[in-house]
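What follows is calculated from the coordinates using simple rules that are stated; it is not laboratory data. These numbers were taken from a predicted model, which means no experiment stands behind them. Neighbour counts run over all protein chains shown; Cβ positions are idealised from the backbone, glycine included.
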Amino acid sequence: MLEESLKFIKDCSLDIEILNRKNEKLCAENNIMIKELTENIEKYELILQEELKKSGEKKLECKIGYCSYRTMPDKWDYGKGALDDIHKIYPENIKRYIKITETLIKTNIKEDVLSGKIGLPSLTVTKQEPKFGYKIK
């Protein structure tokens, strides 16, 4: 039964691979058309953008739609020194400007619990069922 099951899985896997290859060939023509259409869209977006720039307006409308420049909010980039600056300049407001996150260093805890260095009442260890797997040669 073991050999039959593994052979059946192997055959199904080969069939899937053959179908995937066939699918790639069938989709190749569509992928080419999709690429061409995407390039056409990009070209016409540039044309729309040029028309809008030439008009000097923020928005151009017609029966089927519009094109416009949308006002975007300012981008704020906090440099690497922002944390240090707040620590130095505004130490009394650290809780307002800096969030401190605490996480467990699980590998160190596991190592020390197993060696008997520490014990944690809130820690529970649960045995898990073996995970099933197979390999076809």
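Ignoring everything except DSSP H segments at least 4 long, calculate the 222 nm mean residue ellipticity for the chain; use -39,500 (n - 2.57) per segment, divide by total residues, nearest 500. Please report the intermediate quantities before stating the final value.
On the way: 4 runs with 76 residues, N = 137.
Computed ellipticity for the chain at 222 nm equals -19000 deg cm²/dmol.
Given a Förster radius of 22 Å and the C-beta distance between Leu2 and Lys106 as r, what FRET efficiency does 1/(1 + (r/R0)^6) yield to the nearest 0.05?
On the way: r = 38 Å, r/R0 = 1.74.
Efficiency for this residue pair is about 0.05.
Positive end of the dipole of the chain, charges at C-beta (+1 Lys, Arg; -1 Asp, Glu), about the Cα centre: which of Ser55, Ile16, Ser5 has its Cα farthest in that direction?
Ser5
Alpha carbon centre of region 37-67 versus region 9-35: separation in Å?
If we compute the Cα centre of each part, the gap is 38 Å.
Towards the positive end of the charge dipole of region 78-127, with charges on Cβ (+1 Lys, Arg; -1 Asp, Glu), say which of Tyr78, Ile94, Asn108 has the farthest Cα.
With unit charges placed on the Cβ atoms, the residue in question is Asn108.
Which value, in debye to the nearest 20, gives the size of the charge dipole of region 37-137 about its Cα centre, when Lys and Arg are +1 and Asp and Glu are -1 at the Cβ?
The calculated dipole for region 37-137 is roughly 520 debye.
In nanometres, what is the gap between the two model label sites at Ile89 and Lys59, each 7 Å from Cα along Cα-to-Cβ?
In this crude spin-label approximation the distance works out to 3.8 nm.
Out of these labelled values of mean projected area of the Cα convex hull in nm², (1) 22.9; (2) 10.3; (3) 7.9, which was calculated from the coordinates shown here?
The value computed from this structure is option (1).
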